[in-house]
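As structure tokens, the structure follows; a few thoughts come after it.
The values are calculated or read from the model by the stated rules, or taken from the named source; none is laboratory data. The shown structure was predicted, so the numbers you read here are calculated from the model rather than taken from an experiment. No Cβ is skipped: glycine too gets one built from the backbone with ideal geometry, and neighbour counts run over all protein chains shown. Each accessible area value is taken on the protein alone, full model and side chains, heavy atoms only, with ligands, DNA and RNA left out. Shrake-Rupley method; radii C 1.70, N 1.55, O 1.52, S 1.80 Å.
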Amino acid sequence: VCLPTSKPERGLCHKPPGKRNKPGVESVGSPDSGRGRGEKKAIKNMGNKPANSPKGQPPDADGHSSVSDLANSLTGDMVMLSPGSEDDDHEGPVSEKLGRIQFSLGYSFQDTTLTVKILKGQDLPAKDFSGTSDPFVKIYLLPDRKHKLETKIKRKNLNPHWNETFLFEGFPYEKVRERTLYLQVLDYDRFSRNDPIGEVSIPLNKVELGQLKTFWKDLKPCSDGSGSRGDLLLSLCYNPTANTITVNIIKARNLKAMDIGGTSDPYVKVWLMHKDKRVEKKKTVTIKRCLNPIFNESFPFDVPAHVLRETTIIITVMDKDRLSRNDVIGKIYLSWKSGPAEVKHWKDMLSRPRTNVAQWHALKA
């Protein structure tokens, strides 16, 4: 059976026995709200047919494939792809690569002017539903955060070329050497808060500024973020005969506490996306007051082969809140053009058809 063991694990919370969730679909107008059920959106040529089930066994009424269905429909053992030991409790997500940025620095003693040129970015991670990003760069001379400069936004580009020059004029060299150049790359979002992609910091007293020099620097996670959001273990199974992808939400660990009491009430939403359009959504039950929940729930989606390259699966771990809007703990974007860890999982799924391919993922903002 291509499922993880369901025996109790120390420090982990399980879904209530005998309870099953209804898949439900939230309204497109409020994607992160807990309201709204029963909506499924069809797209042209997606083959919106009933979920495939083993011969003689109808699919469950709530849209899940049961454990017996999964056992009968899969042929291989679960493949764990996270690096580390064979005990999956000690394995971690693939280290996240955030891309890198090229820029130039130089100082004119004659004009007392510091020149910063933002040249280009490379291999930036995708932050949008469509599997791309709209990156721009903020430039600071720390510790001053009040004054900042920004590049233009490069739409739908993971390898942007900015080629923009910024001048800090009338800046004595002694003062320049007390500053730290801080570059923050962000993904522009028209309707919500811009998503941080990564950052670079360079103390200017460590750089020879007499002539313009060009640097390549790897981006690091933004230090002004809210810390780790936790990890999620999930598996993907592609069935090319049935044209389905089955997403198995296994368990999470070290989730960020969202409630005042220092815990969370997590559940997981799974969105099937075609290009920028939301097609279908399913979700797990809610595990009360738990930062290390075990879900073990599987969701089949119809994905014809000809739309695989335009398909994204968005996994969102949510904190259920009875009195207000549910909070997003973190997200994962799975497609052939997401971040390195996500692309690895997607490609491994395609290369091992009919096999549950499992991998840990770090949740992102």
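Remarks
- The stretch 166-245: Cα Rg divided by the 2.2 N^0.38 Å rule of thumb: 1.80
- Label sites at LYS152 and SER228, each approximated as a point 7 angstrom past Cα along Cα to Cβ, lie 4.1 nm apart.
- The alpha-carbon atoms of the stretch 230-363 define a convex hull whose volume equals 96 cubic angstrom per residue.
- Between the stretch 204-265 and the stretch 126-157, the Cα center-to-center distance that results, in Å: 18 Å
- Accessible solvent surface per residue of the stretch 230-363, calculated while the other protein chains remain in place, 1.4 angstrom probe, Å²: 32 Å²
- Kirkwood estimate for the stretch 100-221, i.e. one over the average of 1/r between Cα atoms, Å: 14.8 Å
- Calculated FRET efficiency, TRP336 to ASN163, Cβ-Cβ distance, R0 = 35 Å: about 0.75 to the nearest 0.05.
- Accessible surface of the stretch 154-265, 1.4 Å probe, proportion on carbon and sulfur as whole %: 45 percent
- Charge tally around TRP346: other residues with Cβ under 12 Å, Lys/Arg +1 each, Asp/Glu -1 each, net +3.
- Surface exposure of the stretch 100-221, expressed per residue as accessible area with a 1.4 Å probe, stands at 54 Å².
- For a label point 7 Å along the Cα-to-beta-carbon line of LYS97, residues of the stretch 335-354 with backbone N under 17 Å: 335-348
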